[in-house]
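The values are calculated or read from the model by the stated rules, or taken from the named source; none is laboratory data. All figures in this text were calculated on a predicted structure; none of them were measured in a lab. Every residue, glycine among them, receives a Cβ derived from its backbone with ideal geometry; neighbour counts consider all protein chains shown.
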Amino acid sequence: ELAKTNCRLIGPDDDLGLVHFVTPGENALYAGSAAASGPLRPTVCIHSFPLRFELWRHLFVDGAHVVTPSIRHLPPQCLEPKMKNRSRLHWFIAERQVQIVDPRAITLLLDLEGNVTECSGSNFVVVTGDTIVSPSRRNILWGISLETVRELAPAIDMEFVERDFQPFDVVNADEAWITTTPYCVAPCTKINGIAIGDGRPGPSFRKMQAAWSDRVGKDIGTQIVG
């Protein structure tokens, strides 16, 4: 209902982001006398916004640059990674470090053992030959866009596997991608200032983007780049 209403306010080639989130409800102590009326309940919220494709166009022309800061990914023993939570102070601090290196870089956190995990708003995979490699799901939020990559892999004659890997493996990969809801999948062409592959969006990315466009009935690259 929200999307139907707000889609009337955007153009035919535009798109909406749709976010829903749940709070745990009021804190009984802070609620004061209001808490005496009965048990406090979670609050469910939903909002939408126009997707600003201009923010991501450079990713599809030049590719993303990911940087690994000193801040480490919270271990799954401390915070369940399959829960998408908004308590992200560590991400905020990490992004401040990364922006000193490159204002447009995307933050890629390592775990305590130096394994690649995920970006602040996206998942991360590497491509070696005909294999797409994702970090182990025990360490990351298993995003719907990452799941879509897994589902589409056979359609472009690629295998999808999960295993731990380090920045060394990213540097030596043929390609790397980031996956996220707003722009689906984008090429990553640099890590910590070092080129991945030939430093340009690769052929496997083009195949994946084409397969994804076929699935949704929309040329994703054209919609974003124009």
Selection within the stretch 1-50 - within 17 Å of Gln223 (Cβ to Cβ) and either in contact with a helix residue (DSSP H, G or I) (Cβ under 9 Å, 6 or more places away or on another chain) or among the polar types (S, T, N, Q) (or both): Asp13, Asp14, Asp15, Leu16, Leu18, Phe49, Pro50
Any idea which of (1) touching a helix residue (DSSP H, G or I) at 6+ places or on another chain (Cβ under 9 Å); (2) modelled with pLDDT of 95 or more is the one Ile93 doesn't satisfy? (1)
List, please: which pairs have Cβ atoms under 6 Å, are six or more places apart or on different chains, and start with a residue in the stretch 145-171 that is farther than 26 Å from Gly114 by Cβ and end with one that is of a type in the set (Gly, Ala, Ser)? Leu152/Ala211; Ala155/Ala211; Ile156/Ala211
